[in-house]
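Data block below; observations after.
The values are calculated or read from the model by the stated rules, or taken from the named source; none is laboratory data. A quick note: this is a predicted structure, and the numbers were derived from the prediction, not measured. Note that we place each Cβ from the backbone using ideal geometry, even for glycine, and neighbour counts take in every protein chain shown. Accessible surface is based on the protein model in full, side chains and every heavy atom, while ligands, DNA and RNA are left aside. Shrake-Rupley method; radii C 1.70, N 1.55, O 1.52, S 1.80 Å.
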Amino acid sequence: MSTTEPMIADELQEPSSPPVSQGKLIWKRFLSNRIAVASAILFIVILVFSITAIGIGPIHGWWKYDYKELNDQVAQGTPTWEHPFGQDRIGKDYFALTMRGVQNSILVMVVLGLIASVVGVVVGAIAGYFRGIVDAILMRITDVFIVIPALVIGSVVGHMFGGLGAFFLALMLGFFSWMGIARLVRGEFLSLREREFVEAARVAGASDMRIIFKHILPNAIGVVIVASTLIMASAILLETALSYLGYGIQPPDVSLGLLISSNQSAFQTRPWLFWWPGAFIVTLALLVNFVGDGLRDAFDPRHRRFNLRKMREQEPEEGEGGDGGARTGVAIAEDVL
């Protein structure tokens, strides 16, 4: 036996490094997206700030004014050190009102996203797995809901449940916002149900429900999470539109859209009543969209951002292999840009 054979045998016997799990890979790819990470952190900061400022439920925050409390107007309601966001026309502190609106808008966003995700996953999974008549019935029901404009459905739901508070409004809206996720999940299940691990589970005697939720759904969770974040981003805009039209959250509670609607007549005289709720609406929607883009890139590595600097670093030095007359990838990229 040659001396190299024992060395090869020793190398084969050495324990290999443990494989990296799929979850860790996704988390690492998400952390590499600086915009998505910064957006997630800023979203959490806004949420925590709004809760600690005015409190939640019976718990009071550090801000001295309540959003329901009437106060004497200072400097005709303009922003001051006492009221940094100003006051509305009846003297309520606008900082407290805005923080309450942020709380309700985020509540609607999260609840609507969760309800729509659960309903959409169940409908899409059953339709994609069983196919046939089950798929046809569920997809025709989905088509019926899709053709009705979301604002029309939201107006009816808001008129019936808007006075019950932000939670019940979001709950009802969630039952009419699941169609997009259902179609995406159905497409994933139509592809995944033909894989070998599904056939192995059938041979092993697993039930249909176990195959759907234990074997196929974990492989489609990336699509579900990304679609959920996109629905959450659109939820805050839907709630804003409904509240602006008077079909959303009703007084004495407030939302960001209701604040804009209530003060639309004062746009010329007191524009700051629009700046603050409008700024938070745009900020929250953008942050959730950025997080959704980061999750999409993390779950699907095929969606890679174009990085011109990295291509320049990887460009081979002049004279090192290849045809000297061939154009480099950087040159082509610069033409495209």
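Rolling a 1.4 angstrom probe over the protein heavy atoms with all chains in place gives region 112-241 an accessible area of 47 Å² per residue. What does the charge add up to near Tyr129, with Lys and Arg as +1, Asp and Glu as -1, over the other residues with Cβ less than 14 Å from its Cβ? That works out to +2. Multiplying the residue separation of Trp275 and Thr52 by 0.36 nm and removing their Cα-Cα distance gives an extension gain of 78.1 nm.
Only one residue of Gln73, Ser117, Ile90 has its Cα farthest out toward the positive end of the dipole of region 55-207, where Lys and Arg carry +1 and Asp and Glu -1 on Cβ, and that residue is Ser117.
Would you mind pulling out the separation of the Cα centroids of region 144-190 and region 232-261, in Å? The two parts, judged by their Cα centres, are 15 Å apart. Annotation: lysines with alpha-carbon distance below 23 angstrom to Lys214 (same-chain offsets under eight excluded): Lys24. Against the compact-protein benchmark of 2.2 N^0.38 Å, the Cα-based radius of gyration of region 40-163 scales to 1.56.
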